[in-house]
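The structure appears right after this line, and notes come after that.
The values are calculated or read from the model by the stated rules, or taken from the named source; none is laboratory data. It should be emphasised that the depicted structure is a prediction, and the values quoted were computed from it without experimental measurement. Cβ atoms come from the backbone with ideal geometry, glycine included; neighbour counts cover every protein chain shown. Each accessible area value is taken on the protein alone, full model and side chains, heavy atoms only, with ligands, DNA and RNA left out. Shrake-Rupley method; radii C 1.70, N 1.55, O 1.52, S 1.80 Å.
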Amino acid sequence: LELDRDGGASLDVRHLVGNATLPPLRRTDPRLESQDSGDAEIVAALVDLVAGGSATSGDAGSGAFVRPGARSASRKAAWVGGLLAAAFAAFVFGVLARLERVPVDVLPSDARVRVDAMLSWYTRGTLFVLPGQRMLRAERAGYVALQRPLEVRAGDARTEPVKLRLALEPGVLTIDTGGVRATVTVDGVAAGQAPGDLKIAAGSRTVTLRAERYLDSVNAVKMEGAGKRQELVVKLQTSWGRLAVSASTPGAVLEVDGRVGTTPLPATIDLAAGLQKVRVRAPSARTWESSVLVKAGETLTLGPLDLGAPDAILAIASSPRGASVSVAGAYRGRTPIELPLPPGADYDLMVTLPGYGTWQRRITAQAGTRQQLTATLPPILVDLNITGEPADAEVFVNGEARGRTPAQLRLIATRHRLEVRRAGLQTFSADVDLTAALSRRVEYTLVKEGRPANWTPPTERWSGKLGHEMRLIQPGSFTMGSERREQGRRPNEVARAVTLTRPFYVGLREVTNGEFRRFRPNHSSGFADKRTLDLDGQALSGIAWVDAVAYCNWASEQEGLAAAYEQKNGQWSLKEPVTTGYRLPTEAEWEFAARNAGGTTTRRYAWGDALPPPPRSANLAGSEATGIVTRTLDGWADDYISVAPPGKFAPNPLGLFDLMGNVSEWVNDTYASMPPSSAATDPLGPPAGARRVVKGANWRTASFAELRLAWRDGLDTPTQDVGFRIARYAE
């Protein structure tokens, strides 16, 4: 601040930054003009220097005088501004005070969470939001966005978090089949065609490829999801072979199973793998006819055939005698046997006997010749360990003494009658089936004599007044259902650990029409394409589940047993506790008995674990049923067009007949399409439901997948391919 010669004052403002500014103003207070220069009053200008050099009071520019009233006006403005700021702060504080805390549990944890409200935020598992109806949304790359309504109430101190679980987006599976067009199912649901790309939900999946003339390919695939691409390369195995036939006789033509039209020879044709009936005929010549076995992916050559030539004679003997002989997959009898064979072809021979190794040979049949073959079958020996209480008891196998316990015996792999005896104690008896060629262990407990006359341990076989033969099944544990990777598996075959604690009897055979008509004389199983299903000796069919239950109660009454079923509110169910009266086997009991291969070993099929089934092992939809059923089982033939008398085919290791084939069977359980996977003890199935479980293949079965003993279905009406067998608890 400087005074000039005239008594005026000037203010020199020096700017702190190099901005261009106006030069300092020079002003004279009018009050000074009327005063003597010596008495001039100097008034300091109030200047607020800032970085830009501007003043906060007075005129705009580099400096200004402050009049006496300016200071009070500035104070008033500051006071008003403070009031406004305080009001705004109070408003904001009031709004924030109304925010509610909502705990959120989200997976994945780094997903973005937001809500449709202007004032809200989310941090570390907590959402702050005003009360009201809101829409909560969570999203993350690679996951399907999730939103759900959320009601936020004022003063509601929520403690349970809102759970948000984002699902992975599907992955992309590229399937390479080498150019073979196939239908794809994922976990049993149609998913599209291969080769190509398919979108599949994340997780462990069963991908099945099905193509004409190829075997089904079942693949376990773990999909990562989140749009990631994965590749599956599948080499499909053909299910067809080729047949090449030639003949030396002019004008010869070929027929196969009567379904393939006449084809001039020589000819090569594609056929489904399996047993095929081939016929070659020519004018004025003897017809050449035989069954041949076509193998998948191979060419079978026949000929050149001489239609006028006499048959070849094959004489087969075996050691030991009585072995089964199959030619080209067809059963032809037991040794010793002589067989005529059409000449000019190669034949696969197989000689089998339970407990002995299989003998196989390929021969060429030459016209007018006789071949003599002897099959020496090596015995299959299996270890049988016998232990129990008390020790030092006598062991008898098939009535022959074999030492004292504890004993380890090597026996031929067939069925044996075992007895353990000791003076003063009741004899322990058991039928031991060693056909699985696996070592077995038998434990016994000999009971003292002198118990009440009406008490006996359960016998291995039991037959009541009505003549039903039954087999005792001892308690045990097994895995019921099937694993995801099993070929042909259906989603309703949930695998679960099951324990059966009570010994039970199950019928050796299915109930027949004649046995059922003793209870209901007017029953008729009907006809199939004008062929009767109603003979007394045929397995019963055409009855509902409630009819089977009513028969069980009637049979219990005839035998003097307590009825197993009772009717409540119009519904039939087992009494609690379950009695020893006749009843249907539970699903677990049926599958345990059907799959039992001895000891703790179980089977996938009635004959073992691999396809194809042995010849003549069951009554299924074979070529003999063509025209009666809509489909037949490839390569299969048996002697029965429809329902057979029970017990005509080989039993399973426990001596039970027709658990595969003839008629499917009602069991006790209510049907559930997705049974629980948790372990269970003596399960009886769901408490209620409209449908009941059906188990086992039947005479109309034309699918290899349905031959598996884990196969199950649910029905609520009678059919001509469903019957039943009886069961009861032993104690």
Assuming R0 = 25 Å, what is the FRET efficiency of Leu119 and Arg165, from their Cβ-Cβ distance, to the nearest 0.05? 0.40
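Loop only per DSSP, at most 15 neighbouring Cβ atoms within 10 Å: give me the trypsin sites (Lys or Arg not before Pro) in the range 113-202, ordered by residue number.
Values: sites: Arg114, Arg124, Arg134, Arg137, Arg140, Arg153, Arg158, Lys163, Arg165, Arg181, Lys199; in loops: Arg124, Arg140, Arg153, Arg158, Arg181.
Here the sparse-neighbourhood loop sites are Arg124, Arg153, Arg158, Arg181.
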Principal-axis tilt of helix 70-98 within the chain, Cα atoms, nearest 10 degrees: 10
So how tilted is helix 545-559 from the main axis of the chain? Cα-based, degrees 0 to 90, rounded to 10. 50
Please work out how much length the chain gains when fully extended from Ala315 to Ala437, using 0.36 nm per residue of separation minus the C-alpha to C-alpha distance, in nm with one decimal. 40.9 nm
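Using alpha-carbon pairs under 8 Å, 6+ residues apart, how would you state the relative contact order of the range 452-543 in percent?
Values: 118 pairs, mean separation 20.4, N = 92.
22 percent.
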Please pull out the direction-averaged projected area of the range 628-731, using the convex hull of its alpha-carbon atoms, in nm² to one decimal place. 8.6
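Rg over Rh of the chain, using C-alpha atoms and the Kirkwood radius, what does it come to? Walk me through the numbers on the way to the answer.
On the way: Rg = 45.7 Å, Rh = 34.2 Å.
Radius of gyration relative to Kirkwood radius: 1.33.
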Please report how far the C-alpha centroid of the range 595-657 lies from that of the range 308-347, rounded to the nearest whole angstrom. 23
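Using the crude model of +1 on Lys and Arg Cβ and -1 on Asp and Glu Cβ, and no other charge, please compute the dipole size for the chain relative to its Cα centre, in debye to 20.
Details: 87 positive and 79 negative charges, 214 e Å.
The dipole of the chain has a size of about 1020 debye.
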Can you pull out the chymotrypsin sites (Phe, Trp or Tyr not before Pro) in the range 395-490 that DSSP calls coil and that have at most 15 other Cβ atoms within 10 Å? Trp455
Take the Cα atoms of the range 165-275, find their three principal axes, and give me the spread along each one in whole Å, biggest first. 76, 21, 17
The range 468-524: spread of alpha-carbon positions along the three principal axes, whole Å, largest first, is 47, 28, 14
Partners for Lys228 among lysines (Cα-Cα distance below 23 Å; same-chain residues under 8 apart left out): Lys199
Could you tell me how far the Cα centroid of the range 529-564 sits from the Cα centroid of the range 658-731, in Å? 16
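First measure r as the distance between the Cβ atoms of Thr601 and Arg286, then evaluate 1/(1 + (r/R0)^6) with R0 = 45 Å and state the FRET efficiency to the nearest 0.05.
My answer for the efficiency is 0.30.
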Using alpha-carbon positions, what is the distance between the centroids of the range 464-526 and the range 355-390, in Å? 33
What dipole magnitude, in Debye to the nearest 20, does the range 562-719 give about its Cα centre under +1 on Lys/Arg Cβ and -1 on Asp/Glu Cβ? 40
Would you mind calculating the relative contact order of the range 358-408 from Cα pairs under 8 angstrom and at least 6 residues apart, reporting the percent as a whole number? 29
For the range 367-515, convex hull of alpha carbons as volume per residue, Å³: 274
So which lysines can Lys277 reach, going by Cα to Cα under 26 Å and dropping same-chain residues fewer than 8 places off? Lys295, Lys530, Lys648
Point-to-point label distance, Thr238-Ala272, nm (Cα→Cβ direction, 7 Å offset): 1.7
Can you compute log10 of I(q)/I(0) for the range 227-344 with the Debye formula, treating each Cα as one identical point scatterer, at q = 0.17, 0.18, 0.22 Å⁻¹? -0.90, -0.97, -1.21
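What number, in percent, do you get for the relative contact order of the chain if the mean sequence gap of Cα pairs under 8 Å and at least 6 apart is divided by its residue count? Please report the intermediate quantities before stating the final value.
On the way: 1679 pairs, mean separation 52.5, N = 731.
Computed over the chain, the figure is 7 percent.
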Under 5 Å between amide hydrogens, which residues at least 5 positions from Ser291 or on another chain qualify, with H placed 1.01 Å from N in the peptide plane? Val278
Label-point gap, in nm, between Gln571 and Arg421 - each point 7 angstrom along Cα→Cβ: 5.4
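Please calculate how many Å² of accessible area the chain carries per residue, with a 1.4 Å probe and no DNA, RNA or ligand atoms counted. Before the final figure, lay out each step's value.
On the way: 37970 Å² over 731 residues.
With the other protein chains kept in place, the chain gives 52 Å² per residue.
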Which values of log₁₀ I(q)/I(0), to two decimal places, follow from the Debye formula for the range 520-604 at q = 0.15, 0.23 Å⁻¹ with a uniform point scatterer at every Cα? -0.79, -1.09
For the range 420-548, with the dipole built from +1 on Lys and Arg beta-carbon atoms and -1 on Asp and Glu ones, taken about the Cα centre, which of Ala528, Leu540, Gly424 lies farthest toward the positive end? Gly424
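What length, rounded to one decimal in nm, is gained on full extension from Thr719 through to Thr263, with 0.36 nm per residue of separation minus their alpha-carbon distance? List each step's numbers first, then the result.
On the way: separation 456, 0.36 × 456 = 164.16 nm, distance 4.06 nm.
Here the answer is 160.1 nm.
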What number comes out for the charge environment of Leu349, summing +1 per Lys or Arg and -1 per Asp or Glu over other residues with Cβ under 10 Å away? +2
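For the range 390-476, run through the trypsin sites (Lys or Arg not before Pro) and keep only the ones in DSSP coil with at most 10 other Cβ atoms within 10 Å of their Cβ.
Details: sites: Arg402, Arg404, Arg410, Arg415, Arg417, Arg421, Arg422, Arg440, Arg441, Lys448, Arg461, Lys465, Arg471; in loops: Arg422, Lys465.
Of the trypsin sites (Lys or Arg not before Pro), the ones in loops of the range 390-476 whose Cβ has at most 10 other Cβ atoms within 10 Å are Lys465.
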